[in-house]
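The values are calculated or read from the model by the stated rules, or taken from the named source; none is laboratory data. Quick caveat: nothing in here was measured; it's all calculated off a predicted structure. Note: ideal-geometry Cβ built from the backbone for every residue, glycine included; neighbour counts use all protein chains shown. For accessibility, only protein heavy atoms count, side chains too; no ligands or nucleic acids. Shrake-Rupley method; radii C 1.70, N 1.55, O 1.52, S 1.80 Å.
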Amino acid sequence: MSAGDHIVTTVEQVEALYGKPVGASVVKEIDHINAGYRALIEASPFVVVATSGPEGLDCSPKGDAPGFVRILDEKTLAIPDRRGNNRLDSFHNVIRDPRVALLFLIPGVGETLRVNGRAVISTDPELIASFAVNAKTPRCVLVVTLESIYFHCSKAVVRSQLWDPTRRVDRKSLPSTGTIIAELSDGTLGGEPYDRALPERIKSELY
């Protein structure tokens, strides 16, 4: 018997393995932002945006003050694009395939919130200006038309002890950013000078 004999290859097989969702797992998925889901979005300072395109998949973190993802109406969200690495992987994908998935996290809260929908990249001057922080505006705003929204229970966060302060990892126990970049670039980039300049660069380039 080979390893391939144990690979699940059909929907029927996986449903037989797990069964179908029932009860709260089904009713929690809706097609609009209700009062409860609004409260979760407005409390969240962090969202992960997943996209898909011809070159592959992308999953990008976005963060700012709680509620930085703005609810325009019960079917529409707006996410300002703050300064990043200029790879633009998500935007390349959205232009070719507008489908997106969002995962909201709230510090200290076990439940996470998922949104599936379709996105466009907006350069509307008024919308961009409304997201200004310290007189600095994003270059564009990702506008998401919601198709489905639902929360995940806290099991994954409880198992991982994600918010337990006693489980925090000392950053110094891991390779520094400069060390990682130096290794990947055969020493042509990164290193100790990169690490030394990083805190001030992050501070000056947040917005």
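Below is a table of values for the structure above.
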{"quantity": "Simple label model, 7 Å out from Cα along Cβ direction - V109 to N85, nm", "calculated": "2.8 nm"}
{"quantity": "Extension reserve of the A135-E15 stretch, reckoned as 0.36 nm per residue once the Cα distance is removed", "calculated": "38.0 nm"}
{"quantity": "Average Cα contact separation per residue, the chain, under 8 Å, 6 or more apart, as relative contact order %", "calculated": "19 percent"}
{"quantity": "Proximal aspartates and glutamates relative to K62, as straight alpha-carbon distance under 13 Å, when same-chain residues fewer than 8 apart are discounted", "calculated": "D81"}
{"quantity": "Debye, to nearest 20: dipole size of region 30-80, +1 on Lys, Arg Cβ, -1 on Asp, Glu Cβ", "calculated": "120 debye"}
{"quantity": "Of all accessible heavy-atom area on the chain, the percent that carbon and sulfur account for (1.4 Å)", "calculated": "58 percent"}
{"quantity": "Residue-normalised accessible area of the chain, expressed per residue, 1.4 Å probe, Å²", "calculated": "66 Å²"}
{"quantity": "Per DSSP, loop trypsin sites (Lys or Arg not before Pro) in region 120-189 with at most 13 further Cβ within 10 Å", "calculated": "R139, R168"}
